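The structure under discussion appears below in the form of structure tokens.
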Amino acid sequence: MPNGYNGKILHLDLTKGSLTTEEPKEAFYRKYLGGSAMGMHYILRDMPKGADPLSPENVLTLFTGVATGAPISGQSRLNANAKSPISGGIGDSQSGGFFPAELKFAGFDGIVVKGKSPKPVYLAIIEGKPELRDAAHLMGKLSGEVDDIIHKEVDPKAEILQHGIGAENGVLFSSLVSMSNRHNGRTGMGLVMASKNLKAVVVRGTKKVQLADPKALTALNRVGPKALPENGDMVGLAKDGTATVVLFNNTIGTLPTRNYTEGQFEGCEPISGEKMSETILKERDTCHACVVKCKRVVEINDGPYKVDPRYGGPEYETLGTFGSYCGVDNLAAVSMANQICNEYAIDTIAAGATIAFAMECYEKGVITKEQTGGLDLKFGNAEAMLKALDMLVKGEGEFGRTLGMGSERAAQK
Ligand code: SF4
């Protein structure tokens with residue numbers, strides 16, 4: 001077995017309730033390496049042609065890479081792949097955090113999920129032992145509530161990847177979320193997992209990743225912190241997170257503004273990474289073994305939008321879609337939108353962009369207050385934006401359900 005891998009892939013057939021462990025040969029690992037390449041091997045092999053993305057025939061894969069779990073920056077990544085319910089093509093979405101490394105420590109390189117369980121279950125992999133457990137008590141709960149319940153019943157150090165209420169309400173761009181703030185956000189992978197009645201994957205383990213030359217990796221790892229202060233891009237990423245590019249994008253005319261009818265936003269400074277660092281940033285967070293610490297943790301205790309730090313803080317894409325895209329220059333409102341997306345496990349990019357699309361339709365008279373459920377959905381109306389998001393995640397009314405289908409399908413209506 002090449003270093004870096006466990007040499008084990010878990011196959012879960014939810015229709016049969018069966019769990020089998022495959023131990024592929026070294027050639028397999030050398031050919032596919034990991035991530036989406038490895039996942040696609042199983043999807044192309046096992047998913048029937050023409051399969052409905054939300055049918056038991058769809059195959060959902062969760063794969064780490066060769067370096068995942070090693071003590072070096074930037075390696076803790078998990079690829080989720082399946083046929084996408086949004087595009088009908090290949091869904092591909094990546095997340096960071098601690099779940100990917102913990103999956104390796106729990107003894108597996110990846111998981112292949114098929115079929116559909118007759119009732120909600122979650123998969124627990126504890127110290128190399130996988131089992132299915134009842135998940136009825138986790139349904140209808142916010143991501144943070146699910147985390148609390150599972151931490152109590154399994155292990156406080158367990159890492160949890162879950163779909164949320166957004167998927168239970170049929171939001172097409174539902175995500176998979178871990179730590180209540182790290183997402184496999186794009187392409188609807190949360191809805192695929194929900195369609196299989198698999199509520200969550202819970203991992204905990206203490207297995208070490210085998211390294212070919214641990215000393216060399218330690219030496220390499222020391223280079224990062226030394227080089228970081230001399231690299232302007234990395235300094236910006238560490239200090240202000242991915243939000244460091246808000247002002248830059250505005251300068252070069254690529255900050256998506258008012259449903260991308262413009263590329264510059266007059267209200268960019270209040271939603272910039274610099275402003276977030278100066279005002280509501282509580283702390284910086286990280287992924288397993290990463291020295292960059294680009295993740296934002298924000299907290300707001302006063303005013304109309306109270307924001308809980310457990311739900312992290314907005315990335316650039318979230319500031320772009322719920323901020324400039326919607327013409328909103330209110331950082332607290334954008335942070336609230338970020339929290340709602342994290343609580344309900346939906347993709348912030350698709351959610352914000354779909355609401356911005358609805359705002360343009362409203363401004364141009366394509367839709368009226370009658371269709372928006374009474375919302376004055378003008379660009380810049382933060383309160384209406386948040387109410388629209390609330391309707392979207394809850395699938396509330398015709399308008400909420402339409403928003404949950406994304407802008408392309410909404411346009412076709
Ligand atoms: S902390 Fe930021 S830079 Fe480091 S692995 Fe996570 S996302 Fe990447």
Hey, F357 away from the ligand (no atom under 16 Å from the Cβ), part of a helix (DSSP H, G or I) and either without any contact (Cβ under 8 Å) to a residue 60 or more places away in the chain or crowded, with 23+ Cβ neighbours inside 10 Å (or both) or not: no
- prompt: Which of the residues belonging to region 269-310 are more than 16 Å from the ligand (Cβ to nearest atom), surrounded by 21 or more Cβ atoms within 10 Å (Cβ to Cβ) and in contact (Cβ under 8 Å) with a residue 60 or more places away in the chain?
  reply: I271
statement: Taking region 302-317 and keeping only residues that are part of a helix (DSSP H, G or I) and over 18 Å from E283 (Cβ atoms), one is left with Y316, E317
message: Against the definition (free of Cβ contacts under 8 Å to residues at least 40 places away in the same chain and either of a type in the set (F, W, Y) or assigned by TED's automatic domain parsing to the domain that holds F28 (or both)), how does D109 come out, yes or no?
response: no
- request: Would you mention how many residues in region 65-79 are hydroxyl-bearing (S, T, Y) and either away from the ligand (no atom under 13 Å from the Cβ) or closer than 11 Å to F99 by Cα (or both)?
  value: 2
- prompt: How many residues does region 389-413 hold that are more than 15 Å from I349 (Cα to Cα), in a helix (DSSP H, G or I) and small (G, A, S)?
  reply: 4
Enumerated helices (runs of 4 or more DSSP H) restricted to region 207-258, each holding at least 2 residues that are at pLDDT below 95 and closer than 18 Å to L281 by Cβ: 232-240
query: Taking the stated definitions as given, is V235 of a type in the set (A, V, I, L, M), surrounded by 24 or more Cβ atoms within 10 Å (Cβ to Cβ), assigned by TED's automatic domain parsing to the domain that holds G400 and more than 24 Å from D92 (Cβ to Cβ)?
result: no
task: Go through (1) modelled with pLDDT of 95 or more; (2) within 16 Å of the ligand (Cβ to nearest atom); (3) touching a Leu at 6+ places or on another chain (Cβ under 7 Å) one by one and return the number of the condition E343 breaks.
output: (2)
message: With in contact with a Leu (Cβ under 9 Å, 6 or more places away or on another chain), within 16 Å of the ligand (Cβ to nearest atom) and β-branched (V, I, T) as the only criterion, which of V223, V203, V235 stands out?
response: V235
query: In this structure, does K282 turn out to be in a strand (DSSP E or B) and charged (D, E, K, R)?
result: yes
message: I'm trying to understand the selection: among the residues of region 1-40, which are in contact with a Leu (Cβ under 7 Å, 6 or more places away or on another chain) and farther than 26 Å from V202 by Cβ?
response: N3
field: Subset tally (residues that are within 16 Å of the ligand (Cβ to nearest atom) and among the acidic types (D, E)) for region 96-119
entry: 1
task: Evaluate the following for A410: is it more than 20 Å from the chain's Cα centre (by Cα), closer than 30 Å to L161 by Cα and buried (at least 24 other Cβ atoms within 10 Å of the Cβ)?
output: no
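The values are calculated or read from the model by the stated rules, or taken from the named source; none is laboratory data. Model, not experiment: these values are computed from the prediction. With ideal geometry, Cβ positions are generated from the backbone for all residues, glycine too; neighbour counts draw on all protein chains shown.
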